Amino acid sequence: MSALVIAEHDHATVKPATLNTVTAALACGGEVHVLVAGANAAEAGKAAAQIAGVTKVIVADSPSLAENLAENVAAQVLAIAGNYSHILFPSTANGKNVAPRVAAKLDVAQISDITAVVSADTFERPIYAGNAIATVQSTDATKVITVRTTGFDAAAATGGSASVETAEGVADSGKSAFVGREVTKSERPELTAAKIIVSGGRALGSAEKFQEVMAPLADKLNAGLGASRAAVDAGYAPNDWQVGQTGKIVAPQLYIAAGISGAIQHLAGMKDSKVIVAINKDEEAPIFSVADYGLVADLFVAVPELVKAL
Ligand SMILES: Cc1cc2nc3c(=O)[nH]c(=O)nc-3n(C[C@H](O)[C@H](O)[C@H](O)COP(=O)(O)OP(=O)(O)OC[C@H]3O[C@@H](n4cnc5c(N)ncnc54)[C@H](O)[C@@H]3O)c2cc1C
């Protein structure tokens, strides 16, 4: 029995989500191998070999894998899938794009978004926006799994000494082609990797106010900026800042929610944060039910004061 983790990487480095996925794979009980499917990805392969607990890294290098096209990555996984009892992807946009293709081709049920490994065939996953935890047992020969990274600690990025093998890269499927990529460049930490997140809600009232009030606090704390869906839908904050059931799932050390009511769909994305601070002028706001520290106050007064005090 061994598990294959599909690395999230940029061809040179391995992204943190891979480390949490390795921890989940180790909990399945067997050896853990990592597939780095990329182009000129030897450096990412070397980085993966350092991850504690990993015994083998397979680097598949091909121009067809340069842009992470899901059809090609899925074909690469399927080329070696027969050797594994478990195939685990981080539950990221990339992982969620490839895993269902692999599960369908293997004719197995995908086990999505697991937060705990009970045993090699039994897993926990949140349902109903995190209000219930389902325990799922799979009798499929191969378990194709996506891993909610906030459910597992990150494996140590160094200290391992896995062997590195190369695998023949797959040919281009021809089913999709890379056209272009628009990447938001930000000095701030990426939301899912940020240790501190400062999040604003509908109460901010405009994009200008959102920047004026929330950005200085984020700057002071070197925090990622998040938002509720209401703030995103109103155009106060970009889409990729949305935290929640239909946004990003985060679990930073500190989550500060200002002017966010705490609807269950928002809580589903942040309630596993280690320390939650809520600022809301309504003392009945549901956000206070999950907050470790609550401040009943007008955020337009409280947040600038906080910035001044820091
Ligand atoms: C299928 C589905 C998926 C969803 N997914 C998500 C999701 O991923 N993420 C998400 O966030 N939501 C999601 N929602 C929306 C969710 O239900 C709420 O509508 C949304 O979270 C509300 O955002 P909000 O708290 O910013 O706004 P509101 O609910 O309007 O709350 C604003 C809060 O600000 C407070 N306030 C107002 N003025 C001030 C002030 N001056 N100072 C301090 N406090 C003030 C108010 O007391 C209030 O509590 C989803 C909904 C559905 C149906």
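The values are calculated or read from the model by the stated rules, or taken from the named source; none is laboratory data. Owing to the predicted nature of the structure, the values given are computational and were not obtained by experimental measurement. As a convention, Cβ positions derive from the backbone with ideal geometry for all residues, glycine included, and neighbour counts pool all protein chains shown. Each accessible area value is taken on the protein alone, full model and side chains, heavy atoms only, with ligands, DNA and RNA left out. Shrake-Rupley method; radii C 1.70, N 1.55, O 1.52, S 1.80 Å.
Evaluating Lys248 against the criteria (1) at pLDDT 95 or above; (2) closer than 21 Å to Phe288 by Cα leaves one unmet condition, (1).
Among the residues of segment 239-255, those identified as open to solvent by 10 Å² or more (accessible area, probe 1.4 Å) and touching a helix residue (DSSP H, G or I) at 6+ places or on another chain (Cβ under 7 Å) are Asn239, Trp241, Gln242, Gln245, Thr246, Gly247, Lys248, Ile249, Ala251. The residues in segment 255-282 that are part of a loop (DSSP other than H, G, I, E, B) and more than 9 Å from the ligand (Cβ to nearest atom) can be counted, and the count is 4. Condition (residue is open to solvent by less than 20 Å² (accessible area, probe 1.4 Å) and touching an Asp or Glu at 6+ places or on another chain (Cβ under 9 Å)) applied to segment 135-142: is it met by at least one residue? Checked segment 135-142: at least one residue is open to solvent by less than 20 Å² (accessible area, probe 1.4 Å) and touching an Asp or Glu at 6+ places or on another chain (Cβ under 9 Å). Leu306 - would you say it is part of a strand (DSSP E or B) and not β-branched (Val, Ile, Thr)? No.
Screening Val301 with (1) crowded, with 18+ Cβ neighbours inside 10 Å; (2) free of Cβ contacts under 8 Å to residues at least 24 places away in the same chain gives one miss only, at (1). Note on segment 186-202: among residues that are open to solvent by 50 Å² or more (accessible area, probe 1.4 Å) and touching a residue at least 60 places away in the same chain (Cβ under 8 Å), the one that is farthest from the ligand (Cβ to nearest atom) is Ala193. Across segment 93-128, what is the total count of residues that are open to solvent by 30 Å² or more (accessible area, probe 1.4 Å) and under 19 Å from Thr246 (Cα atoms)? Residues meeting the conditions: 11.
Taking the conditions (1) within 16 Å of the ligand (Cβ to nearest atom); (2) open to solvent by 60 Å² or more (accessible area, probe 1.4 Å) in turn, Gly159 satisfies each one other than (1).
Listed by position, the strands (runs of 3 or more DSSP E) contained in segment 133-232 that have at least 1 residues being in contact with a strand residue (DSSP E or B) (Cβ under 7 Å, 6 or more places away or on another chain) and assigned by TED's automatic domain parsing to the domain that holds Lys96 are 143-147, 163-168. Taking every residue in segment 79-103 that is free of Cβ contacts under 8 Å to residues at least 60 places away in the same chain and pairing it with any residue that is open to solvent by less than 20 Å² (accessible area, probe 1.4 Å) and charged (D, E, K, R), at least 6 positions away or on another chain, yields no pair with a Cβ-Cβ distance below 6 Å. Ala302 meets each of the listed conditions (1) out of contact with any Leu (no Cβ under 8 Å at 6 or more places or on another chain); (2) farther than 16 Å from Ile197 by Cα; (3) near the ligand (Cβ under 10 Å from one of its atoms) apart from (1).
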